[in-house]
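Below: one structure, written as structure tokens.
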Amino acid sequence: MKEKPDLSPSPSLTAFGLLLAAGVLALAVWLVSLVWGPFAYRAALTGTPGTLTAAHCHVTGGGKYSRRDCTGTFVALKGAFTDPSAHAYEVARIDDRPIRLQRRSDGGYTQPLSSRAAMILGIVFAIVSGAAALLLFLCLMPLRVSFGEGARLGANPQPWGALLWLLSRLSAGAAAAAAACLVLMVVLPLAQRFL
């Protein structure tokens, strides 16, 4: 009788896989930390809220890549902070009303825009989805972890079954959330025009 070959991964392969998984997690955390700050200001979750009464505005660039920059007086909604020489880049709308802004911790100003916040949040979800998909792929690399022949993910040896199930749901759910955020990025500006 033939002996079945040992299909378990070698310790060096397991260590390499764990290092790769740690690298994927570290990269995902770093990328999310890069975009979280701009999201927090665009969603008005952080910063000092206030209004800018624009004395001067000008358009830089041209066509699709044009942007509107404004200079004026920023007045915080709470407290007595006033900046008479505030400068805001990429202001979306100009009319006679004061422009709602968030003063950042670095002293700059950001206009909260729901469409931009939705775009950045979509990027965050895409990063999470990609990281979960890469980790799922790493978990499927060892030969003894498989879900072929109609077996459910949860039928794999523990803890692989639960991990595979979790990563597959996380990847798919985050991808769906990223797609929903991209739809919101388009729908929100249209809704604001008609309301």
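The values are calculated or read from the model by the stated rules, or taken from the named source; none is laboratory data. Not measured: the values here are computed from a predicted model. Virtual Cβ from ideal backbone geometry, glycine too; neighbours counted across all protein chains shown. Only protein heavy atoms, including side chains, enter the accessible area calculation; ligands, DNA and RNA are left aside. Shrake-Rupley method; radii C 1.70, N 1.55, O 1.52, S 1.80 Å.
Summary of values
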read-out: Residue tally, condition without any contact (Cβ under 8 Å) to a residue 12 or more places away in the chain and open to solvent by less than 100 Å² (accessible area, probe 1.4 Å), over region 89-102; value: 1
read-out: Test: Asp106 is modelled with pLDDT under 85 and open to solvent by 50 Å² or more (accessible area, probe 1.4 Å); value: no
read-out: Region 109-137, subset within 15 Å of Arg169 (Cα to Cα), under 12 Å from the mean Cα position of the chain (by Cα) and of a type outside the set (Phe, Trp, Tyr), residue least open to solvent (accessible area, probe 1.4 Å); value: Ser129
read-out: Subset tally (residues that are exposed (fewer than 15 other Cβ atoms within 10 Å of the Cβ), out of contact with any strand residue (DSSP E or B) (no Cβ under 8 Å at 6 or more places or on another chain) and closer than 21 Å to Ala117 by Cβ) for region 37-63; value: 1
read-out: Residue within region 133-149 that is among the aromatic types (Phe, Trp, Tyr) and either assigned to a helix (DSSP H, G or I) or modelled with pLDDT of 80 or more (or both) present; value: yes
read-out: In region 68-78, the residues that are in contact (Cβ under 8 Å) with a residue 24 or more places away in the chain and open to solvent by 30 Å² or more (accessible area, probe 1.4 Å); value: Arg68, Val75, Leu77, Lys78
read-out: Residues located in region 21-36, provided they are of a type outside the set (Val, Ile, Thr), open to solvent by less than 70 Å² (accessible area, probe 1.4 Å) and in contact (Cβ under 8 Å) with a residue 12 or more places away in the chain; value: Ala21, Ala28, Leu31
read-out: Filter pass, Ala86 being among the aliphatic types (A, V, I, L, M), closer than 30 Å to Ala177 by Cα and either surrounded by 18 or more Cβ atoms within 10 Å (Cβ to Cβ) or in contact with a Leu (Cβ under 7 Å, 6 or more places away or on another chain) (or both); value: no
read-out: Counted residues, region 104-125 - those being assigned to a helix (DSSP H, G or I) and under 18 Å from Leu52 (Cα atoms); value: 0
read-out: Inter-residue pairs, beta-carbon under 7 Å, first farther than 15 Å from Asp83 by Cβ and in region 104-122, second polar (S, T, N, Q), 6+ apart; value: Pro112/Gln102
